[in-house]
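The values are calculated or read from the model by the stated rules, or taken from the named source; none is laboratory data. It should be emphasised that the depicted structure is a prediction, and the values quoted were computed from it without experimental measurement. As a convention, Cβ positions derive from the backbone with ideal geometry for all residues, glycine included, and neighbour counts pool all protein chains shown.
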Amino acid sequence: MPIKSYLAHPMKGKKEELLITLKSFDQCEVIPAENQDILALVTDTENEKEDEILKEKIEALSSLKLLALVSGFNTPQ
């Protein structure tokens, strides 16, 4: 099961919109920074295919400027 953490940089003025959208995805946990215009995002998916689909959905969001992978972990089945 792939578990990955990202820093999600929103488009200017779109932090709240990005936060709400990311929280709507079941495989995402989102923590907004208190003093920066950035979100910490942790994803937890069942397999690599599901992980890739989720990443594509996230990267397609119009409120997202940049998605930076911080760490990735995959538990062998």
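Yes or no, residue by residue, for (1) over 11 Å from Lys4 (Cβ atoms); (2) out of contact with any His (no Cβ under 7 Å at 6 or more places or on another chain); (3) among the acidic types (Asp, Glu):
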position: Leu18; (1), (2), (3): yes, yes, no
position: Gln36; (1), (2), (3): yes, yes, no
position: Val42; (1), (2), (3): no, yes, no
position: Lys49; (1), (2), (3): yes, yes, no
position: Glu59; (1), (2), (3): yes, yes, yes
position: Gly72; (1), (2), (3): no, yes, no
- Message: If Ile58 meets every condition in (1) in a strand (DSSP E or B); (2) buried (at least 17 other Cβ atoms within 10 Å of the Cβ) apart from one, which number is that one?
- Response: (1)
- Item | Count of residues meeting criterion [exposed (fewer than 14 other Cβ atoms within 10 Å of the Cβ) and more than 24 Å from Asn47 (Cα to Cα)] in the range 15-33 | 3
- Message: For the range 34-47, check the following and say yes or no: at least one residue is modelled with pLDDT of 95 or more, of a type in the set (Val, Ile, Thr) and either surrounded by fewer than 12 Cβ atoms within 10 Å (Cβ to Cβ) or part of a helix (DSSP H, G or I) (or both).
- Response: no
- Selection status of Pro76, at pLDDT below 95, buried (at least 17 other Cβ atoms within 10 Å of the Cβ) and not β-branched (Val, Ile, Thr): no
- Task: Note down all Cβ pairs under 7 Å where the first residue falls in the range 15-38 and is without any contact (Cβ under 8 Å) to a residue 12 or more places away in the chain and β-branched (Val, Ile, Thr), the second is exposed (fewer than 15 other Cβ atoms within 10 Å of the Cβ) and not in a loop (DSSP other than H, G, I, E, B), and they're at least six residues apart or on different chains.
- Result: Ile31/Ala40
- Task: Of all residues in the range 1-13, count the ones that are over 13 Å from Leu67 (Cα atoms) and buried (at least 17 other Cβ atoms within 10 Å of the Cβ).
- Result: 1
